[in-house]
Each structure stands twice: as structure tokens, then as C-alpha cells.
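The values are calculated or read from the model by the stated rules, or taken from the named source; none is laboratory data. Note that the structure is a prediction, hence the values are computed from the model and not measured. Here the Cβ is made from the backbone with ideal geometry for all residues, glycine too, and neighbour counts use every protein chain on show.
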């Protein structure tokens, strides 16, 4: 069972300390405090509903799948000069809620719209206009990704598609924005021969999971 602990004053400040801590860390904080901590933490932090949140360190299978997805998307859109692919070091800021997330992979069409910090300066790592976000699901983050994160992602005006990719079995779930406000089309793919349409381009499920060993 995933454990959760609240640190009222601080989070671990080294990777070694974080590895010894429970899977999920949460602490009440202001957005400014989150920004300060994110500057010095050697691991990713997210900010949701007035809390700093840190999920457990990603596993090797998780990172292999993230790298695979980034490679696929880079190849898929290599001839599209308007689209850029980003890793989880880029923070997705949801202006409608004030929350910030580290998507595993994201795509921006056109120039990134950088978030303006409370200081008035533009962030160099927080963007507000992803066109697509991809999350690799693990047992410890699945509920969080499919509920809190997804509902926030849907409030990003530029976002057209969200992909959830399982690392435990062949399973890809796509949420596609429709022309009806507030309505998203959810489609799931489980067979390796299934074809997932990613921003109007087809990708075989077998391509996503090629050489991947399920954990």
C-alpha cells in the first residue's frame, strides 16, 4: 500500500533522503514557497490545491517508457517545425487553477507561453500552452494522474489531447478534446495491433511497447 506523509516544515533536500521517504510527500504551502523549494530540490515537485506534492522516484521501466515515447514523438513530428517535444523537467502551469505539474512528455505548437512568476519575471521552465501531454502510469501515481491531474489538464485552453500509457500492461488511454466545450472523447487501446492517433498521426501500440518488459 502506498504511504503518505506530511512534512509541515520541509521536504528532503537530497536524492538520498528522498529515497528513504514514503512514496508520496505533501505539505501545505503558498505558491511562492513551492517555487522557492522547486529551485533547490534535485527531484520534481508539483503544486496542487495549496499543497506541494512529490511522488516517489520514477522506476527504471517508467523512465525507459518515457524515453521511448519522447523518441516516438520526436520522429513523428520531425518534419513539423511548429511542434516541440519537452521532457518532465518542463513544468505545466494551469492558469485556471494555479496548479503546476511535471508531465512525463509534452508537445507545444508554436512558441512556448512561459508563465509569469509572482516576481513579474518570466519563468524559463514553466509553460502554460501545451498541445499534448503524456503521462506514464505507475501503481503509486495512477489515481493521482487520472483524477486530479486530468481534470486540471482539461482546463488548459491550448490542450488538445492527453495520453495515459501503462507500464504494467499494454494499455493506452487517449482523451481528445471535441468541438463541444467541456466534452472530451476517451478511447482505450489494449491490443498491440491497435493504432493510436496522436494529434492526427497514427502510432501502433506495438511501437510504443517495442522491447519493453512489463513490470
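A few notes on this one:
- Criterion violated by residue 120 - all others in (1) in a loop (DSSP other than H, G, I, E, B); (2) at pLDDT below 90; (3) under 10 Å from the mean Cα position of the chain (by Cα) satisfied: (3)
- Enumeration of residues in the stretch 62-106 that are surrounded by fewer than 17 Cβ atoms within 10 Å (Cβ to Cβ) and within 26 Å of residue 32 (Cα to Cα): 87, 89, 95, 96, 97, 98
- Residue match in the stretch 107-114 (condition: within 30 Å of residue 28 (Cβ to Cβ) and surrounded by 21 or more Cβ atoms within 10 Å (Cβ to Cβ)): no
- Among the residues of the stretch 189-215, those that are within 22 Å of residue 130 (Cα to Cα) and free of Cβ contacts under 8 Å to residues at least 24 places away in the same chain comprise 197, 200, 202.
- Odd one out for residue 215, checked against (1) modelled with pLDDT of 90 or more; (2) surrounded by 13 or more Cβ atoms within 10 Å (Cβ to Cβ); (3) farther than 30 Å from residue 32 by Cα: (1)
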